[in-house]
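Engineer: Questions regarding the structure given below will be posed in turn.
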Amino acid sequence: MDLDPQTKLSVVTTLYRSEGTVEDFHRRMASAASRIAPEVEFVYVNDGSPDRSLERVLELRSADPKIVVVDLARNFGHHPAIMTGLALASGDRVFLIDSDLEEPPELLEEFADTLRNRPSADAAYGVQLRRKGGLRERVAGRLWYALFCRMADVPYPADSLTARLMTRRFVDAVLLHGERDLDMMGLFALVGYEQIAVPTKKASKGDTSYTLAKRLNIAATGLTSFTTAPLALIPAAGCLMTSLSLVAGLVWLAAGLGDPGSPDAAGLAAWSIWFVGGLLLTALGVLALYARAILQETKARPRAIVRRIYGAEAP
């Protein structure tokens with residue numbers, strides 16, 4: 001379904017190890033965009049990709065002047081690259097999507113229909129019908145979201161995708177946030193407005209640039225950015241530890257009065273040391289995560305540095 005005849009559409013995507021998919025992605029994306037918007041721009045953000053992704057998209061740009069290519073000075077990460085692309089997008093509607101083809105470009109048309117049928121909404125985004133990956137990855141993902149969604153200060157969207165179509169005011173609201181450590185899914189939820197979840201099937205290409213370390217980093221960022229519940233658990237754990245220690249001491253004392261040879265005092269002492277030590281290390285670890293987040297924000301470093309912009313609107 002067409003957007004308003006006066007509407008300009010911006011398509012924003014990032015490039016990282018994308019040389020094998022970017023040509024097919026652009027062909028499909030341009031076809032889908034042409035069916036719903038009279039004016040389109042494509043913003044490709046090269047996030048320091050080590051392959052020939054930049055060369056491939058520059059070849060595409062030579063045949064399609066609607067392409068704007070943003071080349072970052074190095075690899076800053078997926079979410080900072082997304083924010084860079086959103087900041088440069090000039091459209092009345094902005095479609096954000098990954099270029100790896102795990103999310104079909106044709107989702108644009110479905111999202112446009114969704115927003116057309118719900119004029120009060122400012123965003124339509126994809127939610128996985130079934131998490132991709134093996135059994136271990138799916139179970140770990142569900143357990144994490146089940147725990148985190150209960151603790152989050154905002155209605156954090158579980159299993160949401162990068163792909164989303166947004167109004168101009170929604171994008172402008174996202175850009176108001178100045179966090180350096182970014183969790184874009186949480187940030188989208190934090191903005192508010194009416195957002196519509198669209199069930200979507202996400203393909204799997206087998207490999208992924210999201211290593212375990214990157215996943216853990218994003219999880220830590222989400223934890224420190226959108227909930228203070230772990231901090232509240234520390235004094236609760238302290239009270240529990242004190243209560244358990246008191247009960248254990250009373251039991252040990254009562255048993256010792258009845259039978260001087262029982263219980264094993266050394267065993268009880270060892271248990272207490274391990275229990276208290278583990279609890280203290282856990283508490284310090286939680287505090288360290290929040291201290292790291294504070295340090296990142298107070299340094300106020302730029303999220304990303306642009307090496308060069310290729311396009312008609314480039315400076």
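Engineer: So which residues in the stretch 34-87 are more than 27 Å from residue 115 (Cβ to Cβ), touching a residue at least 12 places away in the same chain (Cβ under 8 Å) and among the aliphatic types (A, V, I, L, M), if there are any at all?
Structural biologist: 54, 57, 58, 60, 69, 72, 73, listed by residue number.
Engineer: In the list 143, 190, which residue meets the criterion of being at pLDDT 75 or above, assigned to a helix (DSSP H, G or I) and farther than 27 Å from residue 106 by Cβ?
Structural biologist: Going through 143, 190 in turn, the sole match is 190.
Engineer: Touching a Phe, Trp or Tyr at 6+ places or on another chain (Cβ under 9 Å) and polar (S, T, N, Q): is that true of residue 90 in this structure?
Structural biologist: no
Engineer: Scan the stretch 1-20 residue by residue and report those that are modelled with pLDDT of 90 or more and open to solvent by 30 Å² or more (accessible area, probe 1.4 Å).
Structural biologist: Hit for the stretch 1-20 is 16, nothing else.
Engineer: Among the residues of the stretch 168-194, what is the count of those that are among the small types (Gly, Ala, Ser) and at positive phi?
Structural biologist: Of the residues in the stretch 168-194, 1 are among the small types (Gly, Ala, Ser) and at positive phi.
Engineer: Test residue 117 against the stated conditions and say whether it is more than 23 Å from residue 21 (Cα to Cα) and free of Cβ contacts under 8 Å to residues at least 40 places away in the same chain.
Structural biologist: Answer is yes for this residue.
Engineer: Provide a single number: the residues in the stretch 8-33 that are without any contact (Cβ under 8 Å) to a residue 60 or more places away in the chain and in a loop (DSSP other than H, G, I, E, B).
Structural biologist: 2
The values are calculated or read from the model by the stated rules, or taken from the named source; none is laboratory data. This one's a predicted model, so the numbers in the text were calculated from it and none came from an experiment. Note that each Cβ is placed from the backbone with ideal geometry, even for glycine, and that neighbours are counted across all protein chains shown. Each accessible area value is taken on the protein alone, full model and side chains, heavy atoms only, with ligands, DNA and RNA left out. Shrake-Rupley method; radii C 1.70, N 1.55, O 1.52, S 1.80 Å.
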